Structures are given as C-alpha cells and as structure tokens.
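Note sheet for the following structure.
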Amino acid sequence: MVMPVYAGYVPSYVSREPYITVDEFLSSPTGTDTTQILPGGTPQQNRDALAGVIQRASNEADVYCCGPTGCLAASIDVQTAPPQGWRVQTRGGLRQIWVPVDNTPVVAVTGVSLGWDPSSVTAVTDLTGVWPGQKVITIPISGLTTTPAGTVAYPTAGAGSGRAWGAVEYVNGYANATLSVAAAAGATSITPTDVLALYPGLQLSIYDTTSGRSETVQVASSYTPGTASVTLAAALSYAHVAGTAVSALPPAVRQAVVSLTSALIKRRGGESIVLAAIQEEPSRKTIGEPGMTADEEHAYRILKPFRRVR
C-alpha cells in the first residue's frame, strides 16, 4: 500500500468562535430588526438564526482580510519551503534562514524541521535563537550543533550549502473565545473555550454586554501557554456568565462584523418578491433594505487595514 503524502500548510484551529456574540449584536445601535430573521419563528428560533448570520459575517471578514483559507482568529499554520528551498543568509557573521509567512500576526513558533536536502528533513528539538518577527521568522544556522544527549538540535551536515528545506509551524492571529464556565467577581483565573494564542502578559477584553460590565484583564506572567485555566495578573472586577466573549481581537474588527451582520440581515429581508395579484408577474423585486450598502461599505472600510498582502 502506498502511503500518501500530506500537505502541512492547511491551517487548524481548536474552535471557530464567531467574532461577536448574539448579545453583543443586540446591544449595538444598528437599528436592525432581528425579530423576523426567520419569518414566523419564535424568539429563540430568531436568536438561533441571528447566531448563524453572525457566523457568516465572521467568515466574510476572514475571506476579505485573509483569503479563502486564512482567518483573523488564532490558528496553527505550517509554512513549507518552496521547491528551490530557503536561501541561507549571512548577517554579522551569523548564518540564518529567513522564512516569510503568509499569515500574521505571528504569536509563537511551535515547531521547525530542517535539512540540507528535501529528502532528509529533521525535526529541530531546540528552538533557542528562533525569532518570530511580524512577517518573517528568523532561524539561526551557524554555530549550532547536536545536543549533549545526541539528539539533533539543528542540521550539522552540509554546512556549506546555500539552501535549506523544511517546514515551520507557527501560531498566528488573535485569541478569540468565550467563557466555557462562569467566572465570579474576584476570581483570579478564567476558563475560555480556546486558549490558542494566549501567552503571559497578553491583554484580553471581556465583552459582557448582558450585565453591561465589560472589563480588560491581563494574563499572568506565571501562566503556562496551553493550560485550560488561564491565570490572571489581577482579580476580576465583575462576575461573568458562561458564553461571555473574551478576546484579543481588535475592537475595529468586531465593529466591522456588527456592520456585516446588519447588512446580511437587511439583504435577507430585502430580497423579497412583491406580487400585485396571484396570477400576475411580480410588480417589483426589492434588492436590499435601506442601509445595507452603507453597512457593507462601513465594514470593509474598517477591515481594510487588516488585509494580509499575499
């Protein structure tokens, strides 16, 4: 049986929380009627339908900013070397590989594999010296040998080669989640639905529009990335129920998703066919409620600075 070879550059994420919650949208001054998203539906059915529209709006923001496969929320991506390999640079006597990445902002480098030949790539076990820049990850080459235990830290063969092959795994994007369990006032930790891209010192916003008591918190310096319970640098000022948004996503992006959600609702409500009589042709067809185009234009204007150039 022939074993397939899998591409490593497809992004992965633990969860895909929408970029705003239903309560956040309902508390925003959009003037959008959300009671008839599902005509004749119950309040709960319309609330569920609104959640689906918010997910679509979040996806539209992703496609506009990041293309068909990227996303603004935190994800794990793999950047593989091009067919010609990465060129080894020499700066200040130090040999390095510069790996330009497709997705930003880079939060952490979680894995590196290198080799002087595409057929012999080895996982790097010591990431000391790897520098995650905004758009380029720098990997040192010269002066690095095998570890005392004999496990490979960096390639040592082919030191004269001007090209290297391999892959770099990295976390990029903005932490975005909701609370999986309620948090009491005075609590010194929270439990989000997703801890990807959370690291010591990161500031997070808790958007509690239900109680009107939103607050900003900071991840404690003692926090170990990946741990489900996130220790905070200071106690919570307010209590928050499960499902409350906790995010590092820029507020401008969240506002754009509010506008996109409003536009989608208006588009859905405006695409109706009006019949003068049951046996006649449609007298007119509406193509959108007032404000739909303005909402879309406003959203894309806000999102423009966040577009990733590929």
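Could you go through the range 225-235 and let me know if any residue there is surrounded by 22 or more Cβ atoms within 10 Å (Cβ to Cβ), of a type outside the set (Asp, Glu) and either farther than 30 Å from PRO83 by Cα or within 17 Å of the chain's Cα centre (by Cα) (or both).
yes
Which residue is nearest to LEU72 (Cα to Cα), if the candidates are limited to the range 181-194 and must be within 23 Å of the chain's Cα centre (by Cα) and surrounded by 15 or more Cβ atoms within 10 Å (Cβ to Cβ)?
Applying the filter and picking the extreme gives ASP194.
In this structure, is ASP62 of a type outside the set (A, V, I, L, M), without any contact (Cβ under 8 Å) to a residue 24 or more places away in the chain and more than 24 Å from TYR199 (Cβ to Cβ)?
no
Conditions tested, residue by residue: (1) at pLDDT 95 or above; (2) touching an Asp or Glu at 6+ places or on another chain (Cβ under 9 Å); (3) aromatic (Phe, Trp, Tyr); (4) more than 26 Å from PRO192 (Cβ to Cβ).
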position	(1), (2), (3), (4)
SER237	yes, yes, no, no
SER247	yes, yes, no, no
ALA252	yes, no, no, no
SER259	yes, yes, no, no
GLU271	no, no, no, yes
GLU280	no, no, no, yes
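Is one or more of the residues making up the range 173-180 more than 17 Å from the chain's Cα centre (by Cα) and buried (at least 20 other Cβ atoms within 10 Å of the Cβ)?
Scanning the range 173-180, I find no residue that is more than 17 Å from the chain's Cα centre (by Cα) and buried (at least 20 other Cβ atoms within 10 Å of the Cβ), so the answer is no.
Give me a count of the residues in the range 68-105 that are hydrophobic (A, V, I, L, M, F, W, C) and more than 17 Å from GLY166 (Cβ to Cβ).
Total satisfying the criteria: 5.
Could you check, for the range 86-99, whether at least one of its residues is over 29 Å from PRO250 (Cβ atoms), basic (Lys, Arg) and touching a residue at least 60 places away in the same chain (Cβ under 8 Å)?
Checking the range 86-99: at least one residue is over 29 Å from PRO250 (Cβ atoms), basic (Lys, Arg) and touching a residue at least 60 places away in the same chain (Cβ under 8 Å).
Which one is modelled with the lowest pLDDT, of the residues in the range 74-94 that are farther than 28 Å from ALA197 by Cβ and buried (at least 18 other Cβ atoms within 10 Å of the Cβ)?
So the residue we want is VAL88.
Results for (1) acidic (Asp, Glu); (2) more than 30 Å from GLY226 (Cα to Cα); (3) touching a Phe, Trp or Tyr at 6+ places or on another chain (Cβ under 8 Å); (4) modelled with pLDDT under 90, shown as yes or no for each residue.
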site	(1), (2), (3), (4)
TYR13	no, no, no, yes
ASP48	yes, yes, no, no
ASN59	no, no, no, no
ASP62	yes, no, no, no
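The values are calculated or read from the model by the stated rules, or taken from the named source; none is laboratory data. Model, not experiment: these values are computed from the prediction. Quick reminder, even Gly has a Cβ in these numbers, built from the backbone with ideal geometry, and neighbours come from all protein chains shown.
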